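What follows is one structure encoded as structure tokens, with my remarks underneath.
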There are 2 protein chains.
Amino acid sequence: MTKLPSLKNLSYLLALHQHQHFNRAAQACHVSQSTLSSGIQNLEEQLACQLIERDHKSFLFTAMGEEIVEQARTILTSAEELVNFSLSQGKQMEGPLRLGCIPTIAPFLLGALSKLIQRDYPKLQLHLCEDTTTNLMNQLRNGELDVVLLALPVDLQGNQAYVLGRDPFKLVVHKSQAAALKEPVNYGLLPDHSLFLLEREHCLSGHAVNACEMADSVKINPFTATSLHSLVQMADARQGATFLPQLAIDRGILNDTDLVALRPSGREASREIGLVYRATTTRRQTFRKLAEAIATLLPVPTLR
Amino acid sequence: MTKLPSLKNLSYLLALHQHQHFNRAAQACHVSQSTLSSGIQNLEEQLACQLIERDHKSFLFTAMGEEIVEQARTILTSAEELVNFSLSQGKQMEGPLRLGCIPTIAPFLLGALSKLIQRDYPKLQLHLCEDTTTNLMNQLRNGELDVVLLALPVDLQGNQAYVLGRDPFKLVVHKSQAAALKEPVNYGLLPDHSLFLLEREHCLSGHAVNACEMADSVKINPFTATSLHSLVQMADARQGATFLPQLAIDRGILNDTDLVALRPSGREASREIGLVYRATTTRRQTFRKLAEAIATLLPVPTLR
DNA sequence: GTTGATGCATTGATAATTTCGATTATCATA
DNA sequence: TATGATAATCGAAATTATCAATGCATCAAC
């Protein structure tokens, strides 16, 4: 059998790749710069190939280095999964679980989820993290997260997902305009520029626009908000309209406003909520149970 | 970050699992018995769980131990792939490649393949191994083999495969009977018990019987052979018939016999040849090129 | 230019870990 | 009750990892 590199050195390599800086990487690993430096050299020697090109002041990962980093990443996450698995004694619902969630779901679900987990699986330590879909997917890939809760469809990039349920979109309008409308709402009746959406990059905008088949409508107000809460504030103050997921409405986002929720026209005006995990995971059973728990909290649960 | 177990200790665990004996496992790892013993204890301490139940004379892996072994296996094979990858400088067609093959393909293909590889990819060191489908799949899973060449369909058990081509079955009969038959052959014209097949467990028997839609026919002779070559000997000596893959016939297995090959009736009288590899591999490109090379040697190449 | 700051490599002493051989403990069995 | 087989334990020796300090090259500021 050939001599294998140590996991420690591989983790040094990953840290260096992440920080692109020996000192900061060393700090992140809680070792001195010289330790990390020699660890990397050690690796290069064992693997008999150059991983980084040195430039005395700076350095650059070689193509090989990048490739090795990718492979090392999966090895290290597997190893971490192994210790987590054993530390939790193989019990599926024990030990730490790092869950990422997008901002248009998190505030309306994680509170209830946290309570539910606390009640049903008190030994499961849920660590939560709120970020954009892109960032969450990166963190999942890097092993910084175990599972990610987000709106589908999304490019799974080789990961796998459980579909937990469906979250219908509602058209939310000011009381003063609601009288003139009847369900399902015909968008043509809305004043021009009266529809507020999240910033374009935000996945919810895309989902809502697609779901309601109204891309580039003249109805959309060019101002864009960055959170559902500010969206509500805008619509309320300017007597406009917006789309909100049922989930947010159920959790009282419209309380203390003069807004009412109406059913929009267009088929399938909804988003799907999915739980994404690495294909290489060993914790499918855990994620499955978590998925079941989350599904019970959704407007239209449809676990598969 | 939690403290990770060392790859070395994990490999000790795997060796112990394989040999079920401390001394022999230690020898296999080229370390002393005490080293291996304390390595295992170390693991148990780090993972905070009992991996083996000791019985003073003997021992038994716990359920957790078995599970950890499985996970450790994938980690170690990934690590080994990493060093192989780097040692071959990322060149796809360099370094060692361990190929397993079933006995009804190996003798008719590996010679030509070996020659082809030697010519086109001289730096690829092909290690060959001939065994049954079941054993090959186990060795693939254990990381003892990199790829396996066999007849499809087969339970992939989470592995992946390239389909390389199709190998038609021919009905091989003695000259003295050939005159009475015309293609495609109607089995009813064969004398009872005149058809020789490989032993029942052998995948080729199943493939041939299925392909020609003649399960449990009274035509089948209860005597079964263990290799295609002895099958040919039987049919030749006893003036019977048998099924042979085109591949074997192309390589001259009927030379110096009084047998002739005829096209059997029944649609799709053929087997598919596939190249199977672990889903977690990092060498898909290598396997792809190998697949292309092998496909050119098959009677009906259909790479996908 | 000179100076100071930055960033990685090197060095040599020290600490930690690994490994081995020898020994011990336990059990089965002859 | 010896004997042999097996795994755990122990202590010394070898190996390896780590750190603080230093070296060396580069760059920016003046």
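The values are calculated or read from the model by the stated rules, or taken from the named source; none is laboratory data. This one's a predicted model, so the numbers in the text were calculated from it and none came from an experiment. Positions of Cβ are backbone-derived with ideal geometry, glycine not excepted, and every protein chain shown enters the neighbour counts.
The criterion of being under 28 Å from the mean Cα position of the chain (by Cα) and within 15 Å of DNA strand D (Cβ to nearest atom) does not hold for B:GLN33.
Take A:GLN27 and tell me if it is among the polar types (S, T, N, Q) and either in contact with a strand residue (DSSP E or B) (Cβ under 7 Å, 6 or more places away or on another chain) or closer than 24 Å to B:LEU87 by Cα (or both). So A:GLN27 does not fit the description; no.
Test B:ASP120 against the criterion of being surrounded by fewer than 20 Cβ atoms within 10 Å (Cβ to Cβ) and within 17 Å of B:ILE294 (Cβ to Cβ), and give yes or no.
Answer is yes for this residue.
Applying the criterion of being in a loop (DSSP other than H, G, I, E, B), within 14 Å of chain B (Cβ to nearest Cβ) and not aliphatic (A, V, I, L, M) to the residues of the stretch A:260-287, the residue that is farthest from the chain's Cα centre (by Cα) is A:THR282.
Looking at B:LEU76, B:LEU99, which one is at the interface with chain A (Cβ under 10 Å from one of its Cβ atoms) and buried (at least 21 other Cβ atoms within 10 Å of the Cβ)?
B:LEU76
Being part of a loop (DSSP other than H, G, I, E, B) and in contact with a strand residue (DSSP E or B) (Cβ under 9 Å, 6 or more places away or on another chain): is that true of A:LEU290 here? It is false that A:LEU290 is part of a loop (DSSP other than H, G, I, E, B) and in contact with a strand residue (DSSP E or B) (Cβ under 9 Å, 6 or more places away or on another chain).
Where strands (runs of 3 or more DSSP E) sit wholly within the stretch B:73-192, those with at least 1 residues that are touching a residue at least 24 places away in the same chain (Cβ under 8 Å), within 30 Å of A:ALA279 (Cα to Cα) and charged (D, E, K, R) occupy B:95-101. Consider A:GLU45 carefully, then state whether it is among the charged types (D, E, K, R) and within 13 Å of chain B (Cβ to nearest Cβ). The answer is yes for A:GLU45. Scanning the stretch B:226-258 for residues that are part of a helix (DSSP H, G or I), under 22 Å from B:ALA151 (Cα atoms) and hydrophobic (A, V, I, L, M, F, W, C) yields B:LEU228, B:LEU231, B:VAL232, B:LEU247, B:ALA248, B:ILE249.
Would you say B:ALA48 is farther than 25 Å from B:LEU140 by Cα and away from DNA strand D (no atom under 15 Å from the Cβ)? Even if it seems obvious, please write down each step before you answer.
Working: farther than 25 Å from B:LEU140 by Cα: yes; away from DNA strand D (no atom under 15 Å from the Cβ): yes.
When the stated conditions are applied, B:ALA48 passes them.
If the condition is being more than 28 Å from the chain's Cα centre (by Cα), among the hydrophobic types (A, V, I, L, M, F, W, C) and more than 8 Å from DNA strand D (Cβ to nearest atom), then the stretch B:8-30 contributes only B:ALA26.
Pairing residues of the stretch A:50-61 that are within 14 Å of another protein chain (Cβ to nearest Cβ) with residues that are near DNA strand C (Cβ under 6 Å from one of its atoms), at Cβ distances under 9 Å and at least 6 apart in sequence or on separate chains, gives A:ILE52/A:PHE59. Just to be sure, is B:GLY143 on the phi > 0 side of the Ramachandran plot and either in the same structural domain as B:ARG73 (by TED's automatic domain parsing) or out of contact with any Pro (no Cβ under 9 Å at 6 or more places or on another chain) (or both)? Judged against the criteria, B:GLY143 is a match.
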